[in-house]
Amino acid sequence: MPTSASRLLLLLPTTTYRTEAFVEAATRLGVELVCASERPSTLEHLAPDSLITLDFTDPQASAEKIARFAARRPIGAVVPVDDLTTVVAAAISQRLGLKANSLPAVAIARDKHAMRRCLGAAGVPVPRFRLVPLSDDPAARAAAIEYPCVLKPLALSASRGVIRANDPREFVAAFRRIAAILETVEAPLPEEARRALLVEEFIPGPEVALEGLLVGGTLHVLALFDKPDPLDGPFFEETIYVTPSRLPESTQARVAAVTRDACSALGLTEGPIHAELRLNERGPFVLEVAARSIGGLCSRTLTFGTGLSLEELILCHALGRPLESLERERRAAGVMMIPIPRAGRLTSVHGADEATAVEGIEEVAITMHPGQDVVPLPEGWQYLGFIFARAETPAAVEHALRRAHGRLHFTIE
């Protein structure tokens, strides 16, 4: 019989890419899963001990529901898989008395404005910023802004709604566009996130992503990804991630140090973190520290120790199991998130076999299907798919990803 030490609650929004990876990790580790989603499963009545519906917009109510569930089937750990579920996971963990990030720390990390205020007060380098209510007149606000700037929603992810403005005219257009996006977002958002947006200084320079694991307040860097494509706007569509980083060791050390300072300032102490930073002659600037692991299918690029996946690592840590090795495999690895070139309906995909045949390519995963409506940034948040590569050097990985992408052809009408 499974005990609470091997029973784990996994918070899985219906929109996540991560379900399969976490379920497979749990199976390999012999972990009994209880899966919670915001929408009832048609199978829930057949498996009431392993499927449950929670209101992710109400963390306290979710915590009470799980407390009643855990009274008869104890839970040993709670793992969120994306931004939407981090606050709920913290509330449930707090209610059950489990080791996890505190609820205030996760709530601050979930809100871009609260995070900026917290990090700025602690002396962590962040862009200059201001909160702007959506009820304001954007034309009046535009006159007092320093340019270039970046406008962004307070709680959306995957660069959704993030727009650069170079002058007052572009500011007004971006402001109105983000307001329209927030009116149509179906995902549950805090009320303030629908009433205001963040305007911040545009930080020039390359961007990196740091994947880490916090254990008892100590940050272990799992991987540092370079983003070789420039992210200068007007939208900020991420494409290629490659690890290990080609930055000088001294620069990588500074990135890790600033990220540690950011986690400490936010009060994050346990579990995965995904940080985004910009680098220039002034040093690293923190754009985001999220209390969850890397999004999409990108975790497939990471393997640890003797073949452990990132999800297995996260589940082992959550359940208090020994972590034998946090060292990433030695070969370079990377992923391309296949961008959507224009809005419309996807009618066909060609060249997947040719792309997979490129030397160094491990997999081409097309995640959208013919007949599906596709929406590019800044309104959209999904990708056409993912390309994965491994090679002896980061440069070879990047080259393979670009060659493979060049062999793919998408018909969008």
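One residue stands out among those in the stretch 380-401 that are in contact (Cβ under 8 Å) with a residue 40 or more places away in the chain and part of a helix (DSSP H, G or I): the one that is surrounded by the fewest Cβ atoms within 10 Å (Cβ to Cβ), which is A395.
Could you check the stretch 29-79 and list, in sequence order, the residues that are charged (D, E, K, R), open to solvent by 50 Å² or more (accessible area, probe 1.4 Å) and either at pLDDT below 95 or at positive phi (or both)? Walk me through how you get there before you give the answer.
First, pick out the residues of the stretch 29-79 that are charged (D, E, K, R): 32, 38-39, 44, 49, 55, 58, 64-65, 68, 72-73.
Add one more test, that the residue is open to solvent by 50 Å² or more (accessible area, probe 1.4 Å), and what stays is 38-39, 49, 55, 58, 64-65, 68, 72.
Selection gives E38, R39, D49, D55, D58, R72.
The condition (being within 29 Å of A89 (Cβ to Cβ), at pLDDT below 95, among the hydroxyl-bearing types (S, T, Y) and open to solvent by 40 Å² or more (accessible area, probe 1.4 Å)) is satisfied by just one residue among T269, T306: T306. Candidates in the stretch 386-404 are the residues that are of a type in the set (G, A, S) and touching a helix residue (DSSP H, G or I) at 6+ places or on another chain (Cβ under 6 Å); of these, the one that is farthest from T301 (Cα to Cα) is A404.
Tally the residues that are of a type in the set (D, E, K, R) and within 24 Å of L119 (Cβ to Cβ), restricting the search to the stretch 290-308. Spell out how you get there, then give the answer.
Kept after step one, since they are of a type in the set (D, E, K, R), are these residues of the stretch 290-308: 292, 300.
Keeping just the survivors that are within 24 Å of L119 (Cβ to Cβ) gives 292.
Of the residues in the stretch 290-308, 1 are of a type in the set (D, E, K, R) and within 24 Å of L119 (Cβ to Cβ).
Answer yes or no as to whether K99 is under 19 Å from the mean Cα position of the chain (by Cα) and in contact (Cβ under 8 Å) with a residue 24 or more places away in the chain. Considered against the rule, which asks whether it is under 19 Å from the mean Cα position of the chain (by Cα) and in contact (Cβ under 8 Å) with a residue 24 or more places away in the chain, K99 comes out as no.
Filtered by the rule that a residue be within 24 Å of the chain's Cα centre (by Cα) and either open to solvent by 20 Å² or more (accessible area, probe 1.4 Å) or polar (S, T, N, Q) (or both), the stretch 129-151 gives F129, R130, L131. The set of residues in the stretch 293-313 being closer than 16 Å to E362 by Cα and not in a loop (DSSP other than H, G, I, E, B) consists of C298, S299, R300, T301, T303, S309. Scoring V162 on the criteria (1) open to solvent by 30 Å² or more (accessible area, probe 1.4 Å); (2) within 26 Å of V255 (Cβ to Cβ) leaves a single failure, condition (1). Screening T14, T19 for residues that are farther than 18 Å from A291 by Cα, β-branched (V, I, T) and open to solvent by 20 Å² or more (accessible area, probe 1.4 Å) leaves exactly one candidate, T14. When P370 is tested against the conditions (1) in contact with a Lys or Arg (Cβ under 6 Å, 6 or more places away or on another chain); (2) more than 30 Å from A90 (Cβ to Cβ), the lone failure is (1). Taken as a whole, the stretch 48-71 holds no residue that is part of a loop (DSSP other than H, G, I, E, B) and among the basic types (K, R).
Within the stretch 301-311, can one find any residue that is β-branched (V, I, T) and more than 20 Å from V215 (Cβ to Cβ)?
Quick first cut of the stretch 301-311, residues β-branched (V, I, T) only: 301, 303, 306.
Filter again for more than 20 Å from V215 (Cβ to Cβ), leaving 301.
The answer is yes, given that some residue of the stretch 301-311 is β-branched (V, I, T) and more than 20 Å from V215 (Cβ to Cβ).
Being in a helix (DSSP H, G or I), open to solvent by 20 Å² or more (accessible area, probe 1.4 Å) and charged (D, E, K, R) is the filter here; which residues of the stretch 84-121 pass it? Give the derivation first.
Just the residues of the stretch 84-121 that are in a helix (DSSP H, G or I), to begin with: 84-96, 103-110, 112-121.
Pick out the ones that are also open to solvent by 20 Å² or more (accessible area, probe 1.4 Å) and you get 84, 87, 94-96, 103-104, 107-108, 110, 112-114, 117-118, 120-121.
Scanning the stretch 84-121 gives R95, R110, K112, R117.
Could you grab me the full set of residues in the stretch 208-248 that are without any contact (Cβ under 8 Å) to a residue 12 or more places away in the chain and closer than 21 Å to E281 by Cα?
Going through the stretch 208-248, the residues without any contact (Cβ under 8 Å) to a residue 12 or more places away in the chain turn out to be 218, 229, 248.
Hits for the stretch 208-248 are D229, P248.
The values are calculated or read from the model by the stated rules, or taken from the named source; none is laboratory data. It should be emphasised that the depicted structure is a prediction, and the values quoted were computed from it without experimental measurement. When we count neighbours, we look across all protein chains shown, and the Cβ atoms used for this are built from the backbone with ideal geometry, even at glycine. Side chains included, ligands, DNA and RNA excluded: accessible areas come from the protein's heavy atoms. Shrake-Rupley method; radii C 1.70, N 1.55, O 1.52, S 1.80 Å.
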